[in-house]
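Everything on this sheet refers to the single structure shown next.
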Amino acid sequence: MTVTTRRLFRSAIYLLFTLINVAALYFAMQYEFIAAVQIVVYVGGIIVLILFSLFLTQQAGVDLPVPSLGRVVFASSLAFFGFVLLFTIARLGFSGSETGELSGSLEMNTLGKQMLSFDRFGYVLPFEVVSILLLAAMIGAIAIAFRTKKDA
Amino acid sequence: MPEIPFEHILFVSFVLFFTGVYGFFTRRNMITMLMSVELMLNAVNINMLVFNKYLFPAQLEGVFFTLFIITIAAAEASVAIAIIINIYRKFKTIDANDVDSLKF
């Protein structure tokens, strides 16, 4: 319904419910930390940003125009055939290393240690790269938003 | 709590991804296109976590990829919304078909 309703605010609220449901799915998979991050970042951050920009750029109560028929046919056929393709691939089954029992809840301790370790499965380099990326995104957003008309 | 079967979560993720694809190709409003991209990223996150949990439960690769994807999605959304607001100031619209001049 996020993609079919013609009212933008309702669309954003449907997206909000979808994201909360995804977080609930993470809880069901016993990834509590990921679920918390999902709620904080998406529900608390991105939805608020999207709603804010909707209020800035949209006149309230104006419906979106109905998309053209050719585009609807193209998009729905693309989505349908892609779905069928992936579904048949998924039906073939996966052969993973199903070694060991499902390790219950994810330990925050191991997660943090592996995030900052220099060992073989350590993730300290992507961590640093992501921090640089966040800084660049912040500076870029400020630079884009503060650009005035005369120096553009 | 009973375990959810592997294929069911994959099914949810497929539905979410192709809902995002459909929305991305039908909508022309930039903010709704951004919302569709968020849907697709969420589907990818679900896939990462479900493969990590059911196929390789001893390692944590999927968890880390999910964390980094969430981070990058936040950065991308902030920059995209800054660009959209700037475009709205210039063009008075955020329809992707009407914004057709690269240099202004």
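The values are calculated or read from the model by the stated rules, or taken from the named source; none is laboratory data. Just so you know, these numbers come straight off a predicted model, no measurement behind them. Here Cβ is always computed from backbone atoms with ideal geometry, including for glycine, and neighbour counts include all displayed protein chains.
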Worksheet, complete the sentence: Out of (1) in contact (Cβ under 8 Å) with a residue 24 or more places away in the chain; (2) surrounded by fewer than 19 Cβ atoms within 10 Å (Cβ to Cβ); (3) at the interface with another protein chain (Cβ under 7 Å from one of its Cβ atoms), the one B:I69 does not meet is (3)
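Looking at A:Y31, A:Y26, which is the one that is crowded, with 17+ Cβ neighbours inside 10 Å, over 17 Å from B:L41 (Cα atoms) and not aliphatic (A, V, I, L, M)?
A:Y31
Residues checked against (1) outside any helix (DSSP H, G or I); (2) touching a residue at least 12 places away in the same chain (Cβ under 8 Å); (3) within 21 Å of B:A82 (Cα to Cα):
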site	(1), (2), (3)
A:S11	no, no, yes
A:Y14	no, yes, no
A:T18	no, yes, no
A:N21	no, no, no
A:A24	no, no, no
A:F27	no, no, no
A:V37	no, no, no
A:V40	no, no, yes
A:V43	no, yes, yes
Discussion item. Step by step: first the residues of segment A:120-147, then only those that are small (G, A, S) and part of a helix (DSSP H, G or I), then the one that is farthest from B:N86 (Cα to Cα). Which residue is that?
Written reply: A:S131
Practice prompt. Determine if segment B:32-51 includes at least one residue that is facing chain A (nearest Cβ under 8 Å) and at pLDDT below 80.
Written response: no
Worksheet entry | Residues (out of contact with any strand residue (DSSP E or B) (no Cβ under 8 Å at 6 or more places or on another chain) and facing another protein chain (nearest Cβ under 7 Å)) located in segment B:13-31 | B:F14, B:F18, B:T19, B:V21, B:Y22, B:G23, B:F25, B:T26, B:R27, B:I31
Discussion item. Which numbered condition in (1) under 30 Å from B:M30 (Cα atoms); (2) modelled with pLDDT under 70; (3) in contact with a helix residue (DSSP H, G or I) (Cβ under 6 Å, 6 or more places away or on another chain) is the only one that A:I46 fails?
Written reply: (2)
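Count, please, the residues in segment B:25-50 that happen to be more than 20 Å from B:E76 (Cα to Cα) and out of contact with any Gly (no Cβ under 6 Å at 6 or more places or on another chain). Write out each step before concluding.
Applying the first criterion (more than 20 Å from B:E76 (Cα to Cα)) to segment B:25-50 yields B:26, B:47, B:49-50.
From what is left, the residues that are out of contact with any Gly (no Cβ under 6 Å at 6 or more places or on another chain) are B:26, B:47, B:50.
The qualifying residues number 3.
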